[in-house]
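Asks: Take a look at this one; I'll ask things after.
Read-outs: derived from the displayed coordinates by stated rules, not from any lab. Model, not experiment: these values are computed from the prediction. Counting neighbours? That spans all protein chains shown, and the Cβs are built from the backbone with ideal geometry, glycine included.
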Protein chains: 2
Amino acid sequence: MIYSSKQNSLIKMLASLKDKKGRRENGLYIAQGVKMVSEAIKFNQEIEYIVIAEGFDASFLDCNAKTITVTNQVFEYLSDEKTPQGVLAVIKIPEFTANKPNGNAIVLDGIQDPGNLGTIIRTAVASGYSDIYLINSVDPFSPKVVKASMSGIYFVNLYKCTYDELFQVIDGYDLIVSDLDGDNLFEFKPKNNYAIVIGNEGNGVSNELREKASVVLTIPMTDKIESLNASVAAALMMYNLKN
Amino acid sequence: MIYSSKQNSLIKMLASLKDKKGRRENGLYIAQGVKMVSEAIKFNQEIEYIVIAEGFDASFLDCNAKTITVTNQVFEYLSDEKTPQGVLAVIKIPEFTANKPNGNAIVLDGIQDPGNLGTIIRTAVASGYSDIYLINSVDPFSPKVVKASMSGIYFVNLYKCTYDELFQVIDGYDLIVSDLDGDNLFEFKPKNNYAIVIGNEGNGVSNELREKASVVLTIPMTDKIESLNASVAAALMMYNLKN
């Protein structure tokens, strides 16, 4: 059977996953393309469906999940990519309850750009962080975040939490923020477990976290530029505190 | 006079600046929003026109360039932003002839994503690099690059060049590429003037530059992620070679 109608109830449910509301109601998200789908299988994500466009040869995918074939038109409707590859996985959103970090942690304090969030997840996994606390930030399971994470989404614990919940689980940790009048990041060596705070793209770190910071670091900059991109600042902090 | 027609020859010319062909033919590009326009004035860019939407109060802009008022509809047509602020500057594209770098340099070897290029320019200026050599890369004066550069575009020399032209001007420099089997970036201290190569988002550094590299550095990564985002890798290289 090839699904050809956007009115079919299963297709309607899958289309709803493009939106945060649909993802929350169904507990599912979408990962697109050959590489992301292959890695979802390889790294044992809980796959509910594999969806392929008619004519796509999915025989190389070693997966027990139910495969659904749809017309190219329906596939394009489900995908938000300009040139979809013809395969996507519908994956269960893992349930994370805010917990103590496993080693050092990342705190995202109002990250709003999906590309930034995805890139931060990618860099966090590359540099060896596995716990990300999200406060007032964009949904990490939106298609743009998932794509920009380049499979990083499969390897991190993503805790949506409040300031108070955060303070409880990172009790005893150094809370590190970056600001203009701190110690030079490139000369600082952490002595304790730490949580790196990355602030909102326009407004920086919130007062709630600024007040609780135990370490303030500065990324040196010339006077021609006011600030760095959030995912760049995050990468410099994540890597240089480890290396 | 308020321009209200998309068919007006001046409006047509301004609209053509959204495309590379129009920018090349007219030698002009567009910088949008209050901050980018204010900084273009402050940092003495050669502004040909200031374009404002009707009702926008431009009296705070201290600029001798000719101001053109257009209807909101025409402004939205000229702008590629979702929520335009009602002001943009039309600026002369500076002419750069490939020249020896002033200190250390950045070489972009096939960067295709405008957001990445803009972010790399922003980080380069923040970290103190002023010479960027572009080979097979996206046009740096496209609206998306200009926007992501956050005024960085006003402070860099952008040389579009061939491999041979590059090799001539950086003769005597260390050409630094990143790869999986190099020295650890975080343990390396440069001894000579250097040029950092950032490769294409999908394919990495070209064979032409890989063969000529005098230093190969590795950004350590866990085995869960294949590569870093190009603007993240660029930032780690640029900052850690200086600090």
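Asks: Cβ-Cβ below 8 Å, separation at least six or inter-chain, first residue in region B:178-193 and closer than 15 Å to residue B:221 by Cβ, second charged (D, E, K, R): which pairs?
Replies: Pairs found: B:179/B:210.
Asks: While we're looking at this one, here's another question. Hey, could you check region B:162-194 for residues that are surrounded by 14 or more Cβ atoms within 10 Å (Cβ to Cβ) and polar (S, T, N, Q) and say which is nearest to residue B:96 (Cα to Cα)?
Replies: The selected residue is B:193.
Asks: Suppose we filter A:42, A:66, A:18, A:12 for residues that are of a type in the set (Lys, Arg), surrounded by fewer than 14 Cβ atoms within 10 Å (Cβ to Cβ) and closer than 13 Å to residue A:90 by Cα; which single one remains?
Replies: Result: A:66 is the single residue among A:42, A:66, A:18, A:12 that is of a type in the set (Lys, Arg), surrounded by fewer than 14 Cβ atoms within 10 Å (Cβ to Cβ) and closer than 13 Å to residue A:90 by Cα.
Asks: Give the residue that is nearest to residue B:121 (Cα to Cα), with candidates limited to residues of region B:181-197 that are more than 14 Å from chain A (Cβ to nearest Cβ) and not in a strand (DSSP E or B).
Replies: B:193
Asks: Quick one: residue B:48 ticks every box in (1) over 27 Å from residue B:161 (Cα atoms); (2) over 19 Å from the mean Cα position of the chain (by Cα); (3) acidic (Asp, Glu) except a single one, so which number is it?
Replies: Unmet condition: (1).
Asks: A follow-up question, please. Which residues, counting only those in region B:15-52, are of a type in the set (Val, Ile, Thr) and in a strand (DSSP E or B)?
Replies: Across region B:15-52, the qualifying residues are B:30, B:47, B:50, B:51, B:52.
Asks: Tally up the residues in region A:206-229 that are under 21 Å from residue A:190 (Cα atoms), in contact with a strand residue (DSSP E or B) (Cβ under 8 Å, 6 or more places away or on another chain) and more than 8 Å from every other protein chain (Cβ to nearest Cβ), please.
Replies: Result for region A:206-229: 9.
Asks: Which of the numbered conditions does residue B:47 fail, given that it passes all the others? Conditions: (1) touching a residue at least 60 places away in the same chain (Cβ under 8 Å); (2) buried (at least 19 other Cβ atoms within 10 Å of the Cβ).
Replies: With respect to (1) touching a residue at least 60 places away in the same chain (Cβ under 8 Å); (2) buried (at least 19 other Cβ atoms within 10 Å of the Cβ), residue B:47 is out only on (1).
Asks: Pick from region B:144-157 the residues that are surrounded by 22 or more Cβ atoms within 10 Å (Cβ to Cβ) and away from chain A (no Cβ under 12 Å): which of them is nearest to residue B:37 (Cα to Cα)?
Replies: Ranking the candidates gives B:146 first.
Asks: Okay, moving on. Being among the hydrophobic types (A, V, I, L, M, F, W, C) and closer than 12 Å to residue A:32 by Cα is the filter; apply it to region A:66-108 and report the residue that is nearest to the chain's Cα centre (by Cα).
Replies: Restricting to residues being among the hydrophobic types (A, V, I, L, M, F, W, C) and closer than 12 Å to residue A:32 by Cα, the top hit is A:91.
Asks: Same structure, new question: Does region A:148-171 contain any residue that is basic (Lys, Arg) and closer than 23 Å to residue A:95 by Cβ?
Replies: yes
Asks: Can you name the residue in region B:205-224 that is acidic (Asp, Glu) and assigned to a helix (DSSP H, G or I) and, of all such residues, is surrounded by the fewest Cβ atoms within 10 Å (Cβ to Cβ)?
Replies: In this case the residue turns out to be B:211.
Asks: Name the single residue that is farthest from the other protein chains (Cβ to nearest Cβ) among those in region A:79-118 being under 12 Å from residue A:146 (Cβ atoms) and out of contact with any strand residue (DSSP E or B) (no Cβ under 9 Å at 6 or more places or on another chain).
Replies: A:114
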